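Data first, discussion second: the structure below is written as C-alpha cells.
The values are calculated or read from the model by the stated rules, or taken from the named source; none is laboratory data. Keep in mind the model is a prediction, meaning the values are calculated, not measured. We place every Cβ from the backbone using ideal geometry, glycine too, and count neighbours over all the protein chains shown.
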Amino acid sequence: MKVSETRNQLHELLQQQQQAAEKTSQGRENRSVSGSVAPEEKVTLSERAREIQQARQAVEALPDVREEKVDELKERIASGEYRVDGVKVAEKMIGESLLDILA
C-alpha cells in the first residue's frame with residue numbers, strides 16, 4: 001500500500017469523524033432552540049475513536065515539506081554532488097507501476 005493511499009484512508013476517517021461530530025452538535029442546537037435546557041451529556045470514546053484522534057493529531061503535527069531534506073538536496077545540486085542513476089529511477093517506476101496494477 002502506498003503512503004498516499006494510507007493518508008487518503010486516514011483523511012476519509014477524519015472526515016467521517018468530523019461529520020459525526022457536526023451532526024451531534026446540530027442535534028444539541030436543535031434541542032436547545034426549543035426553549036428547554038438539555039441535560040449534561042457524557043460521551044465516551046471507543047478505543048478506535050481514540051486511535052483515530054491520536055492519528056489525526058499526529059498527521060496535523062507533520063510538516064507539509066521536509067525542509068531539512070529539501071535544503072540538503074539543494075546544497076548537493078548546487079555543489080554538483082547530486083547524481084541521478086537512471087537505471088534505479090526506471091526500476092522504481094516500473095516497480096510502482098506493477099504494484100499499482102496488482103493492487
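The one condition from (1) at pLDDT 80 or above; (2) among the hydrophobic types (A, V, I, L, M, F, W, C); (3) in a loop (DSSP other than H, G, I, E, B) that residue 1 does not meet is (1).
Within segment 22-49, work out how many residues are surrounded by 11 or more Cβ atoms within 10 Å (Cβ to Cβ) and at pLDDT 75 or above. Summing the residues that are surrounded by 11 or more Cβ atoms within 10 Å (Cβ to Cβ) and at pLDDT 75 or above in segment 22-49 gives 1.
Take residue 88 and tell me if it is among the basic types (Lys, Arg) and modelled with pLDDT of 90 or more. Yes, satisfied.
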